[in-house]
1. Being part of a strand (DSSP E or B) and hydrophobic (A, V, I, L, M, F, W, C) is the filter here; which residues of the stretch 138-164 pass it?
2. I need the strands (runs of 3 or more DSSP E) fully contained in the stretch 554-605, keeping only those with at least 2 residues that are at pLDDT 95 or above and open to solvent by less than 30 Å² (accessible area, probe 1.4 Å).
3. Restricting the search to the stretch 480-506, which residues are out of contact with any strand residue (DSSP E or B) (no Cβ under 8 Å at 6 or more places or on another chain), open to solvent by 10 Å² or more (accessible area, probe 1.4 Å) and not basic (Lys, Arg)?
4. Looking for whichever is open to solvent by 20 Å² or more (accessible area, probe 1.4 Å), not polar (S, T, N, Q) and not in a helix (DSSP H, G or I) here; the options are Asp380, Asp424. Which one fits?
5. Looking at Gly111, Gly127, Gly101, can you tell me which residue is modelled with pLDDT of 90 or more and surrounded by 21 or more Cβ atoms within 10 Å (Cβ to Cβ)?
6. Which pairs have Cβ atoms under 7 Å, sit 6 or more apart or on different chains, and link a residue in the stretch 288-309 that is at pLDDT 80 or above to one that is open to solvent by 50 Å² or more (accessible area, probe 1.4 Å) and not β-branched (Val, Ile, Thr)?
7. If I filter the stretch 385-403 down to residues being touching a His at 6+ places or on another chain (Cβ under 9 Å) and assigned to a loop (DSSP other than H, G, I, E, B), which single residue comes out as modelled with the lowest pLDDT?
8. If you check Gly89 against the conditions, is it crowded, with 23+ Cβ neighbours inside 10 Å, closer than 14 Å to Pro506 by Cβ, of a type outside the set (Lys, Arg) and modelled with pLDDT of 95 or more?
Amino acid sequence: MTRTVLSTLFGVLLLSAPALAADVAQQPADAIYFNGDILTMATRDPSYAEALAVEGGRIAFVGSKADALLLKSDKTEMVDLHGHTLLPGFIDTHGHMIYFGKNLIDADLFGTPDIATLIERMKAQVGKTPQGAWIVGFGYGARNLKEQRHPTIAELDEVSADRPVMVVDSSGHLGAGNSALFRLVGVAAATPDPDGGSFSRKPGGSELAGPMEETALFAVRAKRPPFTGDLADRVATDAVKLWASYGQTTAMECGLGLGDDDVDLVRNAIDKHLLKIDLYLCAKDSLADKVIENAQAVAAEYATAATVDDAVARQDLIAAQSAEPMGDIAAKLLQVRPDLDKRYINRVRLGGIKFWLDGSLDTAWFTEPYTNNPPGKSGDYKGFQQIPQEVLDKAFDQFWTSGLQINMHMNGDAAVEQALTSLDKVVKKYGMRDHRPVFIHATYMRPDQIERMKAFGAIPSFLTSSLVTGGEGAAFMWGDDRAAHSVAANTLEKMDYPFTFSHDAPVSPRPWILPLVDAGVNRTTSKGNVIGPDERVTPYAGLKAVTSYAAFQIKEEKTKGTLEQGKLADLVILEQNPLKVDPRTIKDIKVLQTIKEGETVFEAQ
């Protein structure tokens, strides 16, 4: 093309959709897929195509095999699906890929039955951990341990008396440390608890007990020594391999800054071109300014090597930068991408800011007390508020009109109310924008809150797998009614309103996608009980939640989420069609191949 066609929308620079489709359809195909269920996800009801052609990393054609063959050349690869199913690549709408990459190096505590086994696994980790590094484990659940509690400081001292030891539960919101850890980070019994969290103390209050909750844990965890060298590379590359093995072509790190070295790890991945799939970033609220500053510095540095082949287009870029200072990254032509989406720098995009409004199953913030309190809580316990209202109000005032989406973690209806209050204020001040704030988890929303959420254009991202692992606990602690109306996906589907399913890995032990669909369809707990049968969705609605709706959530629906001409050739091949199997077996369907922009990034052996 002699002229780059640019359109600026919500801080996004893209080749216009008609130009994309027209340009790609004129070229011979690199590959043609046929002889399988090619499920486009582009329509309200399921629709299939006979064939799909790929050229230059984009979808060149979707339709009949006869017409697709018109794009065949002697160099075109003919891909026989052998009856398998082709779908758009899955999109991670709330995960922690960088954090999970670190956890891959830590002790695996998932499935730990008791504290003795936990301590045994942590002792085994000592020899695997380099000197100077913390001995860390992740994934246990206090409610699943025989003792029904977190390990104590004395028990973790058995792992090591002189090296820092930290364990974090599967929610990422609760954990415990040993004496050496607390000495190193300067926490003692007399240390004040931070707002929205606490350090447990022994009876009498003069000694630490070991467990930490919420912001107290976050503050300690952030002090973990940085990953460098080969370990830094592995954080990215090992996580990418795992995400791709579950069919994802776009990953997310929604909490960049949980570790002090997170920004450096992402920069390392950018500089070394370590990512084979896209990575959408949300900066941790307290580090937003630092992350934005670093992102702008990276953009400026890489822009020196960028070229724009059209003087008018270059002026458009300069104008866009001036008009949208928070969207500098969006105005950099840094990497040749088939979709010309220049929000990405070597597959990394800063897309949002993350706020935690409450906690997890045990610490969710409600307007009404828990039906049965979690262990260690008494009285009219309603969970934790994480941040003051004025902090969230200020964030919306800063980011509402920018290109950065506000993502808010919320489980209880009091947290939902806090988000809606901020939204009401900012809309009255600036008017509606296509901001698409994300209600992460949005586990329990009252009917009136759902209607208000819709009015603001917010997107809920449901952790459906929590119904399997935590459904019984929610019914016990929150009560049957709140549990039954949690994860109100079918309510939204009947309203034709978008929602997404997310794994929140490492909260889920793996960054799986099809088990999320399975959980949303069946809502069956690990004990075989159905939680809220009226909120079960169809398999097709479940697939939309990880494809088309997911692309809409992250503002990339122009190039991802459906199989349509001109969009990126981000694809996944499944062994079976989720719409044609017993719905109770969707989670068991095997991912055969994951393709990012026409290139295979995972293939099952």
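The values are calculated or read from the model by the stated rules, or taken from the named source; none is laboratory data. What you are looking at is a predicted structure, and each value in this text was computed from that prediction instead of being measured. Note that we place each Cβ from the backbone using ideal geometry, even for glycine, and neighbour counts take in every protein chain shown. Accessible surface areas use protein heavy atoms only, side chains included; no ligands, DNA or RNA. Shrake-Rupley method; radii C 1.70, N 1.55, O 1.52, S 1.80 Å.
1. Phe138
2. Where strands (runs of 3 or more DSSP E) fall fully within the stretch 554-605 and carry at least 2 residues being at pLDDT 95 or above and open to solvent by less than 30 Å² (accessible area, probe 1.4 Å), they are 571-574, 591-596.
3. The answer is Asp480, Asp481, Ala484, His485, Asn490, Thr491, Glu493, Met495, Asp496, Tyr497.
4. After applying the criteria, what remains is Asp380.
5. Just one listed residue meets the conditions, Gly101.
6. Matching pairs, first to second residue: Val298/Arg267.
7. Among them, the one singled out is Ser402.
8. Numbers: crowded, with 23+ Cβ neighbours inside 10 Å: yes; closer than 14 Å to Pro506 by Cβ: no; of a type outside the set (Lys, Arg): yes; modelled with pLDDT of 95 or more: yes.
No; evaluated as a whole, the condition is false for this residue.
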